[in-house]
Structures are given as structure tokens and as C-alpha cells.
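Since the structure comes first, as C-alpha cells, the remarks are kept for the end.
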Amino acid sequence: MRRLTWIASLCVLAPIAACNGEVTGGRGQAGDESTIADSARFPRLTNSQWQSTVRDLFYLDDVAAISTELQPDPPLGRFDNNIARLAFSAAHWRGFQRAAEEVAEFITSSPALVAAISPSDEPAELEAAGRAFIEHFAPRAFRRPLQAGELDSYLAIFLEGASHYPGTSESDAGKRLVIEALLQSPHFLYRVEDSESAKPGLVSLDGFEVASRLSYAFWNSMPSDELFAAASDGSLDTQDGVREWAATMFEDPRTEKQFDSFHVQAFQLDEYADLDKSAELFPNWRREIGEAMLRESEMFLSSEVLGGGGIKELLTSTKSFVNADLAALYGLEGDFGSDFVEVELDPTQRSGMLTRLGFLTRNATLTQSDPIHRGVFVNLNLICRPLSAVPNLPDNLMPVGDTNRERVNSLTGPGTCGEGCHATLINPIGFSLEHYDALGQYREEEGGQPVNSADVYTFESGEQLAFDDAIGLSAQLASSVEVHACYIQQLLEYLLGRDLEAQDMELVAQYAQESVDQGLSIREIILRVVESKSFRYRVAQGAN
Amino acid sequence: MINRRRFLAGLGGAMVALPALESVKFLGGRARAAGSGKPVYSVFIRQGNGCQQEIPNAEPDRFWPAQLGALTTDILANDNAGQAVAELADYASSLLLVRGTRFGFNAAGCGHSGGLNQCLTAAKVTGDGQTSLAGGESIDWFLGQRVNPVGVEPLALMSGPQSAYIAHGLSYSGPQQLRGAANNPFAVYQDLVGLTGASQELLEAIALRRKSVNDLVRGEMQDLLGKSYLSAADKARLQTHFDVIRDIEVNMSCQLTDSEVMALQDISGAAEDNGNRMAVAEMMMDLIALAFSCDANRVATLQIGTGNDQTRYTIDGVLQNTYHRISHRIDGDGSEGAPIENADLLHHGVDVLHAKTFKHLLDRLSLYTSPSGGTLLDDSVALWTNDLASGPPHSFSNIPQVVAGKAGGYLKTGQYIDAGNVTHNKFLNTLISAAGVCKPDGSPYDSFGDPELAPGFIAEMIA
């Protein structure tokens, strides 16, 4: 499926009572995870993981010098690392082959780049040099120590290099061919989880496999030398060790980019960068303002994740990052330029992500706010409540009314054929946001009348939220276990790189309840995920 | 990730660091048998959001010719001036317009997902809206498995962003097996040209080097495939990878001119931009024609715009509202929104743009001479289709099916026919036969798509 939409009731399963002996006291109650969901043993690197891995493998600043564009993957699953997307085709193979050859040529054309990946005490004799190079470099490419026979296989390739690249030194020729081969190896292209168990049950991933799970979850790239060392010395063999290491990974700047990407994909933030508005009504609109809205949303959301905020803060915080364009739309006074600066927004007008410019502008027409799409987004992406797809519509629907709310109600409100979905699920949330126009600017009046943003939303459980406006709605959503479960569900999908199964949803339900009751930070939730068995083990095939 | 200078530098001489397209010589007999005779090339172009055809008591028809029957340039250009298909008047004798086909299965909620997933598969659609997927392979994959050599997959291309509501969904390699679609024409060209320009000596040297690497990789993959407790999904993934590794390097005998390649490069960083939608579509068509002309591939799909094409097209010099909203006739993607003035005419304007773009493909196919002496278009089947029939109702009945090319003489072109409200699997079956894939006894193919659909073909399409 392209997009997983779990029934909301699954998200509020009763908390799991038992916990096994491995759980340590302080943070407690990690659930017994007596069974975990199956996972692929050979997830392919995504195209972006390939790029960042090559960057880090060769200690490059970026991979702009590499011209090859890899074959795009189909849009299956919610996130780009979903295993459903990572199929293989002839076009993939040609792309990886071409890219490997190009990287090898690029690296070996620069003595400095070759030196960066070679041992400092490389022997002079060719075979010994090749052996030393492979022992030094190949484990980083494979993200694990070499296994029996691999050194000899790659040494043979190294020694063959000179016959293929007669114009260069024998050593560089050998290294070039070895790089070509390593980058086409399944041990590079896949995150191979090779540990096996002869008996049904859970298989404990070894330190290097855990290191790769951590590094791709936090950095979208290969482990650092320090993380390799932790894998090697057994630091990642325990639950506490994994947690301890993961906690340090938040300090790496790549982690912020990774959670930027998470939020962009979870909330479709990239759509903000390509928005048009009516030139007649909004003559100052420029596409670049939408790009700034995207950046604001990324910075806000990642700052909460990295700064110790919780899911509640995503919906209630007034912290923002603005440049001059956004400050004007928020009605902020002061001197602002092209750089983004942190500000506090007016708490009577703004509360968390639902009241941010990008979301409001994306979910608007060229001229007017769009309560239906705002309401649909919140149901699908914040509450994870499935909605039936848009039915084929009757012809020539003509809205009636002076205000936007009246017109939407005339077509979809009580007494219309849209009553079932719109009047109780979609429109109430959309109407709460009627204080914000097509650019997200705050307004007291619309259609010549004071804005009416009050309504009632009914959860699937029957629980009702009554609110006067988006500030009140956001405050209540911030305490809703459904909303916490929805965010955590997506986070788990992203960290595990796959759709969730019933076993995963038990964890989601547990973390959601704890997030609401204990005010867990998102950092803490992430740490609980990576220390869970779902992250550190895999199912032995045939066990389930 | 594109480094333009680096690629251009390679154009003057041998392009060495680059890929293999081991397909070009398959006229020599390596292609899987697909009937007898000369090859037929199949290309499927998809427009979204329906066309502006008649909606009783609401909108007149501005798409089809007024009369069924023979088509001539005069009939299209003069008798039907202003209709969308009149843009194709120059190709009247090569056209086969087919009305009266419909999708066999209802939409699962959203008409766009139901239509896009069905239009080349004739399969049931699972899921709902954004989660929807086709329950069977698409015609391009079906044909590719039969008329291309092993390892040459049909080109799956699109013009539009990769990230959107139902970003793409045209080509399937099996049930729920959606294929990725490339949307950067320069990257597609890179992949196509491979080692074009390299000397035979250099090609042999590269082949030797690659074989060494391939042998090593194959050995590693065999070791992995031999692991115990491998899940079926893991095994299938690795096996596919193993199977697509090839050693044979074949030089493609044709390429675009330097100026054309530079145009591809210039647009590569902005291939998804709204303003480049049709320019990218035309470049993809150039690449499809190039691949056909070299016999490097015999099948291709091109999806123009995303699932509910949100492109803002320029009509009469004015950048218009999104095409999806125009197709609903209101300034909104659902049921509410202010009416868009003259939306039916704007929708017709979009149809005309797509007709002109389809004509670009026909022009391009006509530039190449086929081995049999005619043009490449004569040996091709080019389909311009849609995943909906019309705008506001988003109907599945009377899908606009515009075929061009004689398929080597198999199709009876130069006519406009009514298939009689049949499910469109029969239409696709006929195109399959036109591409050279018939039943073992030589009779037309009749069973593509979901087995619940009545089998058959459209005899009136066949010469």
C-alpha cells in the first residue's frame, strides 16, 4: 500500500502490563515485546542513503561531483526508506554500476582523496599494499569486519586493476577497481543483517548491525568511526548501551536533517515550496515566500525534537523562526531581514503547527482558506483517522452564503450528502482555522462578518472536543492520546523503515499513553524505540 | 547530483564511465519471439483529469470528430476545426480514434486513483485514494516481457513531481508492483546512451573489466541467496538483483545532437517545475523515439502530470488555475469553491495542449526511417489516453482513446470508430495483438487484464 492508515482504535490499545527482565528501572515499562514484527534482512540503501553513505565513506563534503542520477523508486509507503519502495530493477543496477565507476574514477583522480581512505602506513610492495588497503577500507564500505574469503576476493580484484587501467599507478588502478566492486557489492548496497539463528525465535542483531540501524535512523548514512568502535567493543550489545549511544547522536548535525526529512515526508511540507496565489488579492506573493514557509516549519519541528519538546509542544508552542516575509504575514513588528530568527508568536493567535503559515497557505485556494483540506489533513496526518476517498461529485454544485463557512456548509454540512464525513469530522476542524486567510494571516472578519471558528469534533471513540477556535482545538489535541499515537506511529515507521504490524501498534499505544501521561519528550520516545526489541532484534524466519 | 560539464565533456568522444544498455542488437535474434515479422514499438501517453467532451445538457463536445467513419486531413482540419483532435489532422491517415470504451471496475473512492491504476492494467484496484494500487501488470510490462530481450524493461517515464497525491501509477510489473518512473530527461538520456561513441576496442576493455566485478558480485549474491531462513520477500529481492546483472556491452548506434543534449541538461535541475511540464514531456518523447529508432527498447509509458494533474497550464498566454480545479470547474479540489469562468473552454485548451504534445511524438517518430522503408511511426502504436473520460463527473465511460501508427499494417487507421461501450481490456487486447503478441494459433490476443472481464478484442480496429 502507498500509505498506511491504521484504524485509530488500534492506537489506543490497553497499555501492556508485563515487562521482561531486560528493561531497566528508571524509564521502566518498555513492554515485553514477546513477539516483534518481521523485518527485511536486506533493505537496499535508498537513493539518498546511497549519496550520504558515499559522502561519508570517502570523507567528502558532498557528492555534487558525481553526475549519475539513480533510478527513482515508486511512491510506496509513507516514507522514502519504506522497504516496499526498495525493489530492484535493471535500471537500478545500471545506475549503481555507472555511479560506482564514476565515484571510483573521481576518487582515484585525486591523491588527497585516495590518501583519505588509505592506511597511513601502506606498504610499498603491491600485494601487501592492496591487502592493507582492503583491510583498512572495505570494512567501512561493508559496515562490518571482513568475513572469511573476502580479503582474498578483493585482493584478486586489486591485483587485476593494473591491467584495466594501464595509464595509472598499479596501486591506484587496483584501488579504483576495488572501489568499483565494493560499491556494487550487495554488502554495500544492502544493509545486510547476516546474523542467523538455527532455532525459531528472536535473533539478537550483532553490534555492527545495530550500529547500521542506528546510523541510518539518525543520520541516513553509514556509522561513524566512533560508532564502529562501539560496535566492535560490545557497547551496542545491551539495551543500555544502545540507548547511551543513541543519546549522543542527537548532537550530530545530520540528525537535524534526518528529522527535517521525517517531518517533510510526514506532513508533506515540500508542497509549501510550490504554491501560487491570486495576484489580484495577494500582489506581494512570491514563490520564495512558500519556500520560507517550508523552512520555518522544518526549523520549528526539528527544534522541538532536538530541543527536548514533546508532541504536546508541536501543537501548543508559539516559538517560530521567521524572516522579513514571514514576520510581515505573522504581523510581527521589528526589523527582520533575509535570515531566519527565533521569535515568539502572539499566543492569542498562534498555537503550534496548525496555526503556522505554511500549513494554512498550502491548505487554501488561490483566494480563500480551504476548511475542507485543512480538516482532511488533520484527520489523516495528525489523528491518523482514515477517511473515505473523495466520491465522484455531482455536477454543477453551487455554494450559497456570505461567508466561507456558510458556503462550505451549504454543500457539505448538516442536511447535505456530505453530512456523514464533513459535518462531524472534516469541517469542524477546518472551521476552527477560519481566522486564517489564504496566506495564513490572522483575521477577525471574513465575508463581512465576524469569524465563527467554534465547533465540536467527535473522535471515533465518541469523545467530543468542543472549542472556540484553533487555539482551543490545538490545546485539546495536544492532550489527545490519538494525536500522540499518530505522531509516534509515523516516527516508528520512519525509524524502522517499514509499514507497521499489529505488534508494533502495541508499542505505539504504550508510548502514546506515556507521552500523554508523563509528558515524554520526542527525544525520549525515539530513545525508547531504538532500545526496544523491535529495533535491536529480528525475527528468525519461520518463527512466526 | 547532475554535473553537467562532466557529462558534456564526454560527449565529444567516448563516454566511458557509463552504463550498459545491452539491448541494441536484439534485432539480431535475442528478442523473445513475439510473432513473426518486423518489430512493432508501443508507447502509451497518459493525460489526466478527463477530456472536455460532451456532458449532456451541460457542455458540448470539443474533443472528438463530429462523425464516425473515415478520417482525412481535410475532415479533421476543416470539418472539425476547433476540436482537440483536429490538432492531429496532418496524421489523419495514421489515426485510429476509438470511442465507446470504459473501465471495467468502479473507482475505490477517488476517480483519479481508480482510473490511473486501471487505464493500462484493466485490473481491479485495491486500496483507496492515496493507498490505491493496481491488481495486475500493465500492458507495457506485459509487452516488454514478450518483445524486449531479457533484462530490458519498458521505459517508465513521467513529467511532473515525484511527491504528490498519487504521484504516479501507470506502469506495474505485477499486482501491486508499481514501478518507479523517471522524471528527469537528462538522467534518462544518460541511462539510454550508455557507451555510445566508444570504440570497439574500448568497449571490449570495459566489458572485460565489468565482467570481473560482476563475477565477484554474483558470487557474493549467491552466498547471500544460500542463507538459511531467507524470507520469500528477501529472496525475491536478491534474486531480481542477481538476474539483472549483465556482462554484454553493446554500443547504441544513435544519440541526440549536442544541442539537444544541452537542452536536456539545462532543464535537468527544474524538470519537476510547473512551467516545464510540457517541455519535459516532449523531451521524454524525443527519448522514446530515439530508443525506438535504435531498437534499444520497444515499449514505453509516459505519464504527464501527477494523479490528479495539478499543473497550471498556460492557455491563450495566461497562466491558468490548476488543471484539476479546471476539470472540476471550480476553484477547489473537492466539492466547494467558486466557479471558474469558462472552465470548460479552459479544459478544452488543456486538451489542445496535450494534442499538440502528442503530435510532437508523432512528428518525432516520423523523422526516423524504419528498416521496412516507411517511417518509424508506421511500425509503431502510439496511444494518447486518459485515466478519466471527462471533467466534472470524472466518469469512466467513453475514455478518449487516440491511437496513431499502423503497427506495421496491423491496425486499420484513418478512421474514427465506436467500440460500443465495451470494457477497455478489449481495446488493450487489440493493441497487444498489434504489437505482435497473439494467441498461439495466431488469432488476436483476448485475455489481458482481470479475468472477471469478458475476453475479446475490437475487430473494427484491425486491418
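The values are calculated or read from the model by the stated rules, or taken from the named source; none is laboratory data. Since this is a predicted model, take the numbers as computed values, not measurements. A quick note on method: Cβ atoms are made from the backbone with ideal geometry, for glycine too, and the neighbour counts reach across all protein chains shown.
Residues of segment B:252-287 that are hydrophobic (A, V, I, L, M, F, W, C), crowded, with 19+ Cβ neighbours inside 10 Å and out of contact with any strand residue (DSSP E or B) (no Cβ under 8 Å at 6 or more places or on another chain): B:Met252, B:Leu256, B:Val261, B:Leu264, B:Met283. Scanning for something within 24 Å of B:Leu431 (Cβ to Cβ) and assigned to a strand (DSSP E or B), does segment B:334-354 turn up at least one residue? No, segment B:334-354 has no match at all. The helices (runs of 4 or more DSSP H) found entirely in segment A:263-347 that carry 2 or more residues being free of Cβ contacts under 8 Å to residues at least 60 places away in the same chain and of a type outside the set (Val, Ile, Thr) are A:287-306, A:324-330. A single member of A:Ala181, A:Ala132, A:Ala116, A:Ala90 is within 30 Å of A:Asp73 (Cα to Cα), among the small types (Gly, Ala, Ser) and modelled with pLDDT of 95 or more, and it is A:Ala181.
Against the numbered list (1) at the interface with chain A (Cβ under 7 Å from one of its Cβ atoms); (2) at pLDDT 90 or above; (3) in a helix (DSSP H, G or I), B:Asp191 comes up short only at (2). Selection over segment A:407-447 of residues that are within 30 Å of A:Val322 (Cα to Cα), of a type outside the set (Asp, Glu), in contact with an Asp or Glu (Cβ under 7 Å, 6 or more places away or on another chain) and in contact (Cβ under 8 Å) with a residue 40 or more places away in the chain gives a count of 5.
Among the helices (runs of 4 or more DSSP H) confined to segment A:384-502, the ones with at least 3 residues that are closer than 25 Å to B:Asp331 by Cα are located at A:404-412, A:427-432. Among the residues of segment A:451-470, the ones that are surrounded by fewer than 17 Cβ atoms within 10 Å (Cβ to Cβ) and among the small types (Gly, Ala, Ser) come to 4 in all.
For (1) farther than 22 Å from B:Ala187 by Cα; (2) under 21 Å from the mean Cα position of the chain (by Cα); (3) touching a residue at least 40 places away in the same chain (Cβ under 8 Å); (4) in a strand (DSSP E or B), each residue gets a yes or a no:
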{"site": "B:Ile288", "(1), (2), (3), (4)": "no, yes, yes, no"}
{"site": "B:Phe292", "(1), (2), (3), (4)": "no, yes, yes, no"}
{"site": "B:Asn297", "(1), (2), (3), (4)": "no, yes, yes, no"}
{"site": "B:Thr301", "(1), (2), (3), (4)": "no, yes, yes, yes"}
{"site": "B:Gly307", "(1), (2), (3), (4)": "yes, yes, yes, no"}
{"site": "B:Gln310", "(1), (2), (3), (4)": "yes, yes, yes, no"}
{"site": "B:Asn321", "(1), (2), (3), (4)": "yes, no, no, no"}
{"site": "B:Arg325", "(1), (2), (3), (4)": "yes, no, no, no"}
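Residues are listed down the side, and each one gets a yes or a no for (1) within 11 Å of chain A (Cβ to nearest Cβ); (2) of a type in the set (D, E, K, R); (3) outside any strand (DSSP E or B):
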position: B:Ala89; (1), (2), (3): no, no, yes
position: B:Ser93; (1), (2), (3): no, no, yes
position: B:Leu97; (1), (2), (3): no, no, no
position: B:Asn117; (1), (2), (3): yes, no, yes
position: B:Ala122; (1), (2), (3): no, no, yes
position: B:Glu137; (1), (2), (3): no, yes, yes
position: B:Leu143; (1), (2), (3): no, no, yes
position: B:Val152; (1), (2), (3): yes, no, yes
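Residue-by-condition table, conditions (1) more than 30 Å from A:Phe535 (Cβ to Cβ); (2) part of a loop (DSSP other than H, G, I, E, B); (3) charged (D, E, K, R); (4) touching a residue at least 12 places away in the same chain (Cβ under 8 Å):
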site	(1), (2), (3), (4)
A:Ile36	no, yes, no, yes
A:Pro72	no, yes, no, yes
A:Gln97	yes, no, no, yes
A:Ala112	yes, no, no, no
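The condition (being of a type outside the set (Asp, Glu) and in contact with a strand residue (DSSP E or B) (Cβ under 7 Å, 6 or more places away or on another chain)) is satisfied by just one residue among A:Pro74, A:Pro139: A:Pro74.
So, A:Glu226, is that one more than 12 Å from chain B (Cβ to nearest Cβ), surrounded by fewer than 16 Cβ atoms within 10 Å (Cβ to Cβ) and at pLDDT 95 or above or not? In short, yes. Taking first residues from segment B:195-210 that are under 20 Å from A:Leu182 (Cα atoms) and surrounded by fewer than 17 Cβ atoms within 10 Å (Cβ to Cβ) and partners that are modelled with pLDDT of 75 or more and of a type outside the set (D, E, K, R), the Cβ contacts under 8 Å between residues at least 6 apart in sequence or on separate chains come to B:Leu208/A:His164.
Annotation note: of A:Leu281, A:Leu294, the sole residue that is surrounded by 19 or more Cβ atoms within 10 Å (Cβ to Cβ) and either within 16 Å of the chain's Cα centre (by Cα) or within 14 Å of chain B (Cβ to nearest Cβ) (or both) is A:Leu294. Residue check: is A:Val63 at pLDDT below 90 and among the aliphatic types (A, V, I, L, M)? Criteria met by A:Val63.
Kindly check whether there is at least one residue in segment A:473-480 that is loosely packed, with under 15 Cβ neighbours inside 10 Å, in contact with a helix residue (DSSP H, G or I) (Cβ under 8 Å, 6 or more places away or on another chain) and under 25 Å from A:Ser388 (Cβ atoms). No - not one qualifying residue is present in segment A:473-480.
Give the residue that is nearest to A:Gly201 (Cα to Cα), with candidates limited to residues of segment B:223-238 that are in a helix (DSSP H, G or I) and more than 7 Å from chain A (Cβ to nearest Cβ). Walk me through it before giving the result.
Step one: of segment B:223-238, the residues in a helix (DSSP H, G or I) are B:223-225, B:232-238.
The next check asks that each one be more than 7 Å from chain A (Cβ to nearest Cβ); those that pass are B:223, B:225, B:232, B:235-236.
Details: B:Asp223: 23, B:Leu225: 21, B:Ala232: 18, B:Lys235: 20, B:Ala236: 23 Å.
Among those that are in a helix (DSSP H, G or I) and more than 7 Å from chain A (Cβ to nearest Cβ), it is B:Ala232.
Going by the conditions given, is A:Glu434 at pLDDT 95 or above and within 14 Å of another protein chain (Cβ to nearest Cβ)? Working first, answer last.
Working: at pLDDT 95 or above: yes; within 14 Å of another protein chain (Cβ to nearest Cβ): yes.
Yes.
Yes/no matrix, rows are residues, columns are (1) crowded, with 21+ Cβ neighbours inside 10 Å; (2) on the phi < 0 side of the Ramachandran plot:
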position: B:Gly69; (1), (2): no, no
position: B:Ala84; (1), (2): yes, yes
position: B:Glu87; (1), (2): no, yes
position: B:Ala92; (1), (2): yes, yes
position: B:Leu95; (1), (2): yes, yes
position: B:Val98; (1), (2): yes, yes
position: B:Asn106; (1), (2): no, yes
position: B:Ala123; (1), (2): yes, yes
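Only one of these is buried (at least 23 other Cβ atoms within 10 Å of the Cβ) and among the aliphatic types (A, V, I, L, M): B:Ala463, B:Ala407. Name it. Quick ask: steps written out before the conclusion?
On the way: B:Ala463 fails: buried (at least 23 other Cβ atoms within 10 Å of the Cβ).
Only one candidate passes the filter, namely B:Ala407.
Selection within segment A:394-417: residues that are buried (at least 18 other Cβ atoms within 10 Å of the Cβ) and facing chain B (nearest Cβ under 7 Å). The member of this set that is modelled with the lowest pLDDT is A:Leu397.
A residue that is under 16 Å from the mean Cα position of the chain (by Cα), of a type outside the set (Ser, Thr, Tyr) and at the interface with chain B (Cβ under 9 Å from one of its Cβ atoms) occurs nowhere in segment A:52-69.
The residues on offer are A:Glu482, A:Glu493, and the sole one that is within 30 Å of A:Ile525 (Cα to Cα), in contact with a Leu (Cβ under 8 Å, 6 or more places away or on another chain) and not assigned by TED's automatic domain parsing to the domain that holds A:Ser351 is A:Glu493.
Take the residues of segment A:157-214 that are among the hydroxyl-bearing types (Ser, Thr, Tyr) and part of a loop (DSSP other than H, G, I, E, B): which is nearest to the other protein chains (Cβ to nearest Cβ)? Lay out the reasoning, then the answer.
Residues of segment A:157-214 that are among the hydroxyl-bearing types (Ser, Thr, Tyr), as a first pass: A:163, A:165, A:168-169, A:171, A:185, A:190, A:195, A:197, A:204, A:212.
Narrowing further to those that are part of a loop (DSSP other than H, G, I, E, B): A:165, A:168-169, A:185, A:195, A:197.
Working: A:Tyr165: 8, A:Thr168: 13, A:Ser169: 17, A:Ser185: 6, A:Ser195: 10, A:Ser197: 8 Å.
Checking each candidate, the answer is A:Ser185.
Of the residues examined, A:Phe340 is one that is surrounded by fewer than 21 Cβ atoms within 10 Å (Cβ to Cβ), away from every other protein chain (no Cβ under 14 Å) and among the aromatic types (Phe, Trp, Tyr).
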